[in-house]
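J.: Here it is: the structure, laid out below.
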Amino acid sequence: MPFNKPIDDLTGFDVSEDFQQFNQKNDIYCRSLWDPAVQSDKAEAFFNGYFMPEARSRRTDGFSQRDYALRNATWHITNVLRDIRRQDTGRKEGFFDYFSSHEAGWPEPYAFESPEQASADVRKVAKLCGADLVGFCAFDERWMYSGTFNEQTLDSRANEVPGDLPNVIVLGESMDEDLTKTVPSALSGSATGMGYSFDALTLLTLAQYIRNLGYRAYATMNDSSLAIPLAVQAGFGEVGRHSLLITPEFGPRLRLGRIFTDIPLTYDTPKKIGVQSFCQICDRCAKGCPPAAIPFEPPSQKTHNRSNLIGVTKWTVDAEKCFKFWVNQNTDCSICIRVCPFNRDYRRWYNRVWRNIANSCLRRLALWLDDKLVNRRRHKSTWWWSGKP
C-alpha cells in the first residue's frame, strides 16, 4: 500500500513513510471498553447515561431532566438502528459494523448514459434523503480501518467492507447552531444526536436506492473507516486545529457518513477555504478547551497515545484528555465547535463576507472581527428553551 498518492497534492495531506492504518480497537471509545488506562466506572456511567433511567440529571443549567430527556430522545432512532441485529448477531451497526438492514436490490446494474448522469442522480436523491452536503471520491485504503472492533471479544476483527469497491459517497448532516451555543451541556448533545439520527436515515435510504439500481452499497457511519480524510478528498473542506472538518457551508458543525459503492461516479475536487492558514494564527479552540487537549503548536506528526493516527502531519488532539472531560461532565463536549470563528450561519451575507476575509491575507482582521463582534460565550439552556435572545 503506497503511503502517499497524487490526491495528496490537492488535499495538502502530508503522509510519511511511517504511516500506519488505524485500527478501530484503538479508538478512544473502544478503549473505554477494554483498556485499563481509559476504563472506569465513570466511563461506564457516561455511556449508560444515554438511556433515561441512568441519565443522572442534576440541578445545574443544561443538565436538568428536560435537557437529558431531549438529548436522549435525539439518539433514539440511531440507537434502534444500531441495535436492530445486536442481540442475535452482536453487530453494533453504524458504530462497529456497517448497516446491513437492506432489502434485496435489482439483480443487474442500471445502464446509466455516463458517470455524470449517475452522479447527478445520486446527488439529487441524497439531497432528497436529507443530506446537507454530498461529495464523491475514490476509495482510499489508507483511511480504512485495518481492523474493526468486536464488542463481544473486545478485540479487532477483519474489516468487512469489500476492498474492490472503487467509489465513496460522503454525506454531511449539519448540527443545530443554537444548540451548540449551550455547550457544555446535556442539552447541546441534542445537536450531536440529531446529526447521527439524520445521518443514519440518509445513509440507509440512499444505500437502498443504489442497491435497487443493481449496484453494491455499504452504508457506514462511525465504523469501517476514518471519515474526515475522505470528506476532504470529496471536496467538503479542510481540517482545523481542533482536528475537525471545517466546511464553507457549516464551519465545523457537521456529522459525516460514507457509502462505499461500485456505482459509476465522477469525483469532486478538494477545496481550499483558508482554514490551514487561518488556524495557524487562531488558537481559540485550544484556549477554550478545559482539559487542554488541543495543541497550540504547529501541525506535526506528534502523537499523544494509541488513539492517534501515526504518520500524518497535522494538528492532533489528545483523545484521552478529551474523553476524560466528557466522562466527568456526563455528556459529550463540543466547546471547540462553539468557539471556532468558522462556526457561523453562512446563509447570512455578512458571514459570507467574513469567510472571504478569513480566506485572504486579511485573516488577522477576520479574527479580530470575530473577537469583537461575535458572542461565543456559553448560552444558558434557558435561553434555548425560551427562545429569547
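We did not get these values from a lab; they are worked out from the coordinates using the rules stated. Note that this is a predicted model, so its numbers are computed, not measured. Virtual Cβ from ideal backbone geometry, glycine too; neighbours counted across all protein chains shown.
J.: So which GluC sites (Glu not before Pro) in region 85-136 are both in a DSSP loop and have at most 11 other Cβ atoms within 10 Å of their Cβ? Provide the component values of the computation, followed by the final result.
T.: On the way: sites: GLU93, GLU103, GLU113, GLU116; in loops: GLU103, GLU113.
In loop regions of region 85-136 (DSSP not H, G, I, E or B), the sparsely surrounded GluC sites (Glu not before Pro) are GLU103, GLU113.
J.: Using amide H atoms built in the peptide plane, which far-off residues or other-chain residues are under 5 Å from LEU254 H to H?
T.: Here the answer is MET175, since their amide H atoms fall under 5 Å of that of LEU254.
J.: Give, rounded to the nearest 20 debye, the magnitude of the charge dipole that the chain has about its Cα centre when Lys and Arg contribute +1 at Cβ and Asp and Glu contribute -1 at Cβ. Walk me through the numbers before you get to the answer.
T.: On the way: 49 positive and 46 negative charges, 400 e Å.
It works out to roughly 1920 debye.
J.: When N counts the residues of region 176-269, how does its alpha-carbon radius of gyration compare numerically with 2.2 N^0.38 Å, as a ratio?
T.: Working: Rg = 14.9 Å, N = 94, 2.2 N^0.38 = 12.4 Å.
Rounded to two decimals, the normalised Rg is 1.20.
J.: Additional query: Considering only GLN21, GLN152, GLN301, give the residue with the highest GNM mean-square fluctuation for the chain, with springs between Cα atoms whenever their separation is below 10 Å.
T.: Judging by the Gaussian network model, the answer is GLN152.
J.: Quote the relative contact order of region 304-364 in percent (integer), defining contacts as alpha-carbon pairs under 8 Å separated by 6+ residues. Don't jump to the answer; show the numbers that get you there.
T.: Working: 22 pairs, mean separation 9.9, N = 61.
It rounds to 16 percent for region 304-364.
J.: Same structure again: Can you sort ILE335, ILE246 by how many other beta carbons sit within 10 Å, fewest first? Spell out each step's value before the answer.
T.: Working: ILE335 21, ILE246 27.
The order, fewest Cβ neighbours first, is ILE335, ILE246.
J.: Something else about it: What ranking of ARG216, ARG364, ARG142 emerges when the number of other C-beta atoms within 10 Å of each C-beta is taken as an exposure proxy, fewest first?
T.: On the way: ARG216 17, ARG364 13, ARG142 23.
Least crowded to most crowded, the residues run ARG364, ARG216, ARG142.
J.: Among ILE84, ALA207, PRO184, whose Cα sits farthest toward the positive end of the charge dipole of the chain (+1 at Cβ of Lys/Arg, -1 at Cβ of Asp/Glu, about the Cα centre)?
T.: Checking the options against the dipole of the chain, the answer is PRO184.
J.: Here's something else I'd like to know. Show that you can apply the helix-only estimate: for the chain, add -39,500 (n - 2.57) for every DSSP H stretch of four or more residues, divide by all residues, and state [θ] at 222 nm to the nearest 500.
T.: Numbers: 17 runs with 144 residues, N = 389.
About -10000 deg cm²/dmol.
J.: Report the relative contact order of the chain, percent, no decimals, based on alpha-carbon pairs under 8 angstrom and at least 6 residues apart.
T.: Details: 744 pairs, mean separation 82.5, N = 389.
Normalised by residue count, the contact order of the chain is 21 percent.
J.: Separate question: Mind checking region 1-109 for trypsin sites (Lys or Arg not before Pro) that DSSP puts in a loop (not H, G, I, E or B) and that have at most 10 other Cβ atoms within 10 Å?
T.: Within region 1-109, the qualifying trypsin sites (Lys or Arg not before Pro) (loop, at most 10 other Cβ atoms within 10 Å) are ARG59.
J.: Going from the alpha-carbon gyration tensor of the chain, what semi-axes, largest first and in whole Å, does one get by taking the root of 5 times each eigenvalue? Before the final figure, lay out each step's value.
T.: On the way: eigenvalues 182, 138, 98 Å².
Equivalent-ellipsoid dimensions as semi-axes: 30, 26, 22 Å.
J.: Compute the distance from the alpha-carbon center of region 198-228 to that of region 331-389, in whole Å.
T.: Between the Cα centre of region 198-228 and that of region 331-389, the gap is 32 Å.
J.: Looking only at Cβ-Cβ distances, which cysteines of the chain have no other cysteine closer than 4.7 Å?
T.: Taking the Cβ cut-off of 4.7 Å, the unpaired cysteines of the chain are CYS30, CYS129, CYS137, CYS279, CYS282, CYS289, CYS322, CYS333, CYS340, CYS361.
J.: Once the convex hull of the alpha carbons of region 1-148 is built, what does its volume come to per residue, in cubic angstrom?
T.: Values: hull volume 33.6 nm³, N = 148.
Output value, Cα hull per residue: 227 Å³.
J.: Can I ask one more? How large are Rg and Dmax for region 294-389 when calculated on the C-alpha trace, in angstrom?
T.: 17.0, 48
J.: No solvent, one uniform scatterer per C-alpha: report log10 I(q)/I(0) for region 287-335 via the Debye equation at q = 0.13, 0.16, 0.22, 0.26 1/Å, two decimals.
T.: Here log10 of I(q) over I(0) equals -0.31, -0.46, -0.79, -0.99.
J.: Write down, largest first, the equivalent ellipsoid semi-axes of region 91-183 in whole Å, where each equals the square root of 5 times an eigenvalue of the alpha-carbon gyration tensor. Before the final figure, lay out the partial values.
T.: Values: eigenvalues 138, 113, 39 Å².
Three semi-axes, in Å: 26, 24, 14.
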